[in-house]
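Engineer: This is the structure I have questions about; it appears just below.
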Amino acid sequence: MQVLQAGQHKLILLELEPELVANIAKQAGFEIKLKDSQRSITLDLTAAGRQAPLLLFDAADPANLGWFSRCQFYIDGRSGGVMQTPISLANKRDRGGKAQLNSVRVNIAKELPASFRLPGKQPLTEQVLYALLFNFLNALMKTGVAVCGGTAVQALAGRTEGIGPRN
């Protein structure tokens, strides 16, 4: 981890090891395509042998209340940001534009404001991020991740169809 000064702004630069990130995704049960850039790492994740969709569900739907109550991670449905983390998520889509039920794209930011803290005011280090990523990927496979508001990220599990008449 480095601290960079850019004018009056201080940034934390995480020095993430792509091989370790790929290993974490494999341990969580995903097939992975990784792209490492200067400012972020992008992971295309697929749970190939999985019969059920990834546990990404709509937090606003009352039918998903059981999932929501045991949820550890929440995604801002407008931006795809995993709340209070440097991770963001997006749906992967097939050629017809439909969200793939067993695939997502995860982006990990390497540059963060120096004031960035995890919940509980815990500072972020590479080791903490690796643990956070492992827990997040396990949540997608086993316990559930809630999508809160917005339409940029589409729920994959639970009741996913809209309520009301269709046109």
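None of the figures in this text is laboratory data; all of them are computed from the coordinates on show. It should be emphasised that the depicted structure is a prediction, and the values quoted were computed from it without experimental measurement. All Cβ positions, glycine included, derive from the backbone under ideal geometry; neighbour counts span all protein chains shown.
Engineer: Within the chain, what's the longest run with no GluC sites (Glu not before Pro) in a DSSP loop and at most 12 other beta-carbon atoms within 10 Å? Give the range, please.
Structural biologist: On the way: sites that count: GLU15, GLU161.
Maximal segment without exposed cleavage sites: 16-160.
Engineer: Next question, about the same structure. Using all Cα-Cα distances in region 2-148, what percent lands in each 5 angstrom bin from 0 up to the longest?
Structural biologist: 2, 9, 18, 22, 20, 14, 8, 4, 2, 0, 0
Engineer: Once amide H atoms are built 1.01 Å from N in the peptide plane, which residues 5 or more positions from ARG93, or in another chain, come under 5 Å H to H?
Structural biologist: GLN100
Engineer: Spelling out what I want: for every residue of region 86-91, take phi, set θ = phi - 60°, compute 6.51 cos²θ - 1.76 cosθ + 1.60 (Karplus), and round to whole Hz; glycine and proline get x.
Structural biologist: Per residue, the Karplus-derived 3J(HN,Hα) values read x, 10, 10, 10, 9, 6 Hz.
Engineer: Could I ask something else about it? To make sure I understand the rule: partners must be aspartates and glutamates, Cα under 14 Å from the Cα of LYS121, and not fewer than 8 residues away in the same chain. Which ones qualify?
Structural biologist: Within the straight-line cut-off, LYS121 pairs with nothing.
Engineer: What length, rounded to one decimal in nm, is gained on full extension from LYS121 through to GLN27, with 0.36 nm per residue of separation minus their alpha-carbon distance? The partial results should precede the final answer.
Structural biologist: On the way: separation 94, 0.36 × 94 = 33.84 nm, distance 2.79 nm.
Contour length minus the Cα-Cα distance gives 31.1 nm.
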